[in-house]
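A short worksheet on the structure shown next.
The values are calculated or read from the model by the stated rules, or taken from the named source; none is laboratory data. None of the values given here were measured: they were computed from a predicted structure. Cβ coordinates were reconstructed from backbone atoms using ideal geometry, including for glycine residues, and neighbour counts include every protein chain displayed. Calculation scope for accessible area: heavy atoms of the full protein, side chains included, ligands and nucleic acids excluded. Shrake-Rupley method; radii C 1.70, N 1.55, O 1.52, S 1.80 Å.
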Amino acid sequence: MMVPVRCFTCGSLIGDKFATFKTRVKLGEDPAKVLDELGIKRYCCRRMLISSVDVIDQVLPFYSKKTES
Ligand SMILES: [Zn+2]
């Protein structure tokens, strides 16, 4: 799985928080609340985590189909 280690915009370290964020969102927690509790306040960094989860979920089905054939 591809995880950005740092925010592309401000360079803040987010890679270590990604696993926690993803797990808690999958368990049904509000992403905004999880980001607040992880201390990710800047919108550029919040976007990094939110967009990563969305993109991974959308791309994975296509990726596994491609490798099967
Ligand atoms: Zn940032």
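Of the numbered conditions (1) modelled with pLDDT of 90 or more; (2) within 15 Å of the ligand (Cβ to nearest atom); (3) within 27 Å of SER64 (Cβ to Cβ), ILE40 fails exactly one; give the number of that condition.
It fails just one condition, (3).
Check VAL34 against each of (1) within 16 Å of the ligand (Cβ to nearest atom); (2) among the aliphatic types (A, V, I, L, M); (3) surrounded by 15 or more Cβ atoms within 10 Å (Cβ to Cβ) and name the one condition it does not meet.
Among (1) within 16 Å of the ligand (Cβ to nearest atom); (2) among the aliphatic types (A, V, I, L, M); (3) surrounded by 15 or more Cβ atoms within 10 Å (Cβ to Cβ), VAL34 violates only (1).
Name, by its number, the condition in (1) at pLDDT below 90; (2) in a loop (DSSP other than H, G, I, E, B); (3) more than 12 Å from the ligand (Cβ to nearest atom) that does not hold for PHE8.
(3)
Report, by residue number, each residue of the range 11-31 that is within 8 Å of the ligand (Cβ to nearest atom) and under 11 Å from the mean Cα position of the chain (by Cα).
Applying the first criterion (within 8 Å of the ligand (Cβ to nearest atom)) to the range 11-31 yields 11-12, 14.
The one that is within 8 Å of the ligand (Cβ to nearest atom) and under 11 Å from the mean Cα position of the chain (by Cα): ILE14.
Counting only residues that are open to solvent by 40 Å² or more (accessible area, probe 1.4 Å) and among the hydrophobic types (A, V, I, L, M, F, W, C), which one in the range 55-69 is modelled with the highest pLDDT?
Taking the range 55-69 first, the residues open to solvent by 40 Å² or more (accessible area, probe 1.4 Å) are 55, 57-69.
Okay, now just the ones that are also among the hydrophobic types (A, V, I, L, M, F, W, C), so 55, 59-60, 62.
Details: VAL55: 56, VAL59: 63, LEU60: 69, PHE62: 75.
For the range 55-69, the residue satisfying everything is PHE62.
Of the numbered conditions (1) within 16 Å of the ligand (Cβ to nearest atom); (2) out of contact with any Lys or Arg (no Cβ under 7 Å at 6 or more places or on another chain); (3) modelled with pLDDT of 90 or more, SER52 fails exactly one; give the number of that condition.
Unmet condition: (3).
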